Amino acid sequence: MILVTGATGTVGREVLNRLPADAAVRVFARNPVAVLEAACRAEVVPGGYEDPAALGNALRGVRSAFLVTSRIGGDQDARFIEAARSAGVGHVVKLSAAAVEDPLADGLITRWQRESEDLLRGSGMAWTLLRPRSFMSNTLSWASSMQKAQVVRSLYGASPNSCVDPRDIADVAVRALLEPGHEGRAYTLTGPRPVTAVEQTAQLSELLGRPLRFEELEPDQARALWSARHPAPVVEALLHSARRQRDGAKAQVTGTVAELTGRPARSFREWAGAHLPAFGPF
């Protein structure tokens, strides 16, 4: 039995879609209706990490699990890992982030990710860590301003990021869940080349056949924008991350996707071309 958490999220949804039809799959979801609406073939167990009984039901008989947590600074990883160990789970594939490898990245989010990785490595279970760079799908946050004003607004628009297609992360995750030989490995996952927000804007404009312009945000403007959605400590962590990108810390490209899947990592243009309807009508 394979357990998938985060199945309604960006990567978990793709993992679920890629698992073989004949595989025994279970989903642990806070919103099971959203999973079922996606025509999920898997067994669905409702609940959250804070519910020990539901978590125990979800983990019963599980051989390997795909772990996604989202409560920054919370205890979701600790709760899941303890329950998985007690249930006899053999292998956990965890979604982490590439920033954990950057010694100068010490914001709240990255510290939490490092601590979560440490918990899993010390659990006694076999583990695989997936460390993607930023998701290409993060650009969907631009959809509203693109529709309203044909503009993309971002901080440090000329700074490169070797962002990765969530489908590539999912392809690697499925291999780690199904194939032997991935235990004790940490995989840094990137796209085929670094790309800037200015370049992404130009590519979206070309693909959509609509003029788009890029507007550079000042740090205080970004802080105000993000403060509408996130608490102050998270906003400061996002600003720290943006500064690391400005300094070139997110430009490195790895060949891990190609090595593990046998094909090149998808480019931003490929991702965008497959998701143009998500940017809405113009």
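Tabulated data for the structure shown
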| read-out | value |
| --- | --- |
| Number of positions in segment 232-276 that are of a type in the set (Val, Ile, Thr) and not in a helix (DSSP H, G or I) | 2 |
| Flag if residue 73 is at pLDDT below 95 and on the phi > 0 side of the Ramachandran plot | yes |
| Contacts under 7 angstrom Cβ, first residue in segment 165-186 being without any contact (Cβ under 8 Å) to a residue 60 or more places away in the chain, partner among the β-branched types (Val, Ile, Thr) and not in a loop (DSSP other than H, G, I, E, B), 6 or more apart | 185/128 |
| First in segment 252-270 and at negative phi and surrounded by fewer than 14 Cβ atoms within 10 Å (Cβ to Cβ), second anywhere and of a type in the set (Asp, Glu) and modelled with pLDDT of 95 or more, Cβ under 9 Å, 6 or more apart | 263/171 |
| Per-region count, segment 165-211, residues surrounded by 16 or more Cβ atoms within 10 Å (Cβ to Cβ) and among the charged types (D, E, K, R) | 6 |
| Residue in segment 212-228 that is in contact (Cβ under 8 Å) with a residue 24 or more places away in the chain, buried (at least 17 other Cβ atoms within 10 Å of the Cβ) and of a type in the set (Lys, Arg) present | no |
| Cross-chain or 6+ apart pairs with Cβ under 8 Å, segment 72-91 first and more than 16 Å from residue 54 (Cβ to Cβ), then part of a helix (DSSP H, G or I) and aromatic (Phe, Trp, Tyr) | 72/112; 73/112 |
| Filtered residue count, segment 122-178, keeping only those that are among the hydroxyl-bearing types (Ser, Thr, Tyr) and assigned to a loop (DSSP other than H, G, I, E, B) | 5 |
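The values are calculated or read from the model by the stated rules, or taken from the named source; none is laboratory data. Note that the coordinates shown come from a computational prediction; the quantities given were computed from them, not determined experimentally. FYI the Cβ positions are ideal-geometry reconstructions off the backbone, even for glycines, and counts take in every protein chain you see.
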